[in-house]
Amino acid sequence: MSLETYRLEVRESDAGLDADLYDGEDMIAESTHVAYEDFDVEAPRRDEGISQSEEVTADVTETDVQVQRDGGGFTFELLGDRETLATIRVDDEE
């Protein structure tokens, strides 16, 4: 195994949030979409769309992006070999 750099990006789309995990070659390794309607949440009204990213370098064999919803927003976690490598939080109101 060797160190590789990963970038987790979360962006707002028309109907929800998109999360993409890029590998060291800037290729999408994983992608997920969260639809607001699946969580009975109205699309927040913002002046600007959300775009956040976190970059991490790790020596892992397996990656996964998980999404959790709590009362005030969404949390996107990048897992590497089942350990949290990066977290992006998107609150309903900013």
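The values are calculated or read from the model by the stated rules, or taken from the named source; none is laboratory data. Values in this document were obtained by computation on a predicted structure and should not be read as measured data. Glycine gets a Cβ as well: all are built from the backbone with ideal geometry, and neighbour counts include every protein chain shown.
Things to note:
- All positions within segment 73-94 that are outside any strand (DSSP E or B) and within 18 Å of Ala15 (Cβ to Cβ): Asp92
- Taking segment 73-88 as the range and being over 8 Å from the mean Cα position of the chain (by Cα) and either within 23 Å of Phe39 (Cα to Cα) or surrounded by 15 or more Cβ atoms within 10 Å (Cβ to Cβ) (or both) as the test, the residues that pass are Gly73, Phe74, Leu79, Gly80, Leu85, Ala86.
- Candidate set: segment 3-31, residues that are farther than 21 Å from Glu48 by Cα and touching a residue at least 40 places away in the same chain (Cβ under 8 Å); chosen: the one surrounded by the fewest Cβ atoms within 10 Å (Cβ to Cβ): Leu3
- Restricted to segment 49-72, and to residues there that are in a loop (DSSP other than H, G, I, E, B) and charged (D, E, K, R), the residue that is surrounded by the most Cβ atoms within 10 Å (Cβ to Cβ) is Asp59.
- Considering residues of segment 37-48 that are at negative phi and surrounded by fewer than 10 Cβ atoms within 10 Å (Cβ to Cβ) only, the residue modelled with the highest pLDDT: Glu42
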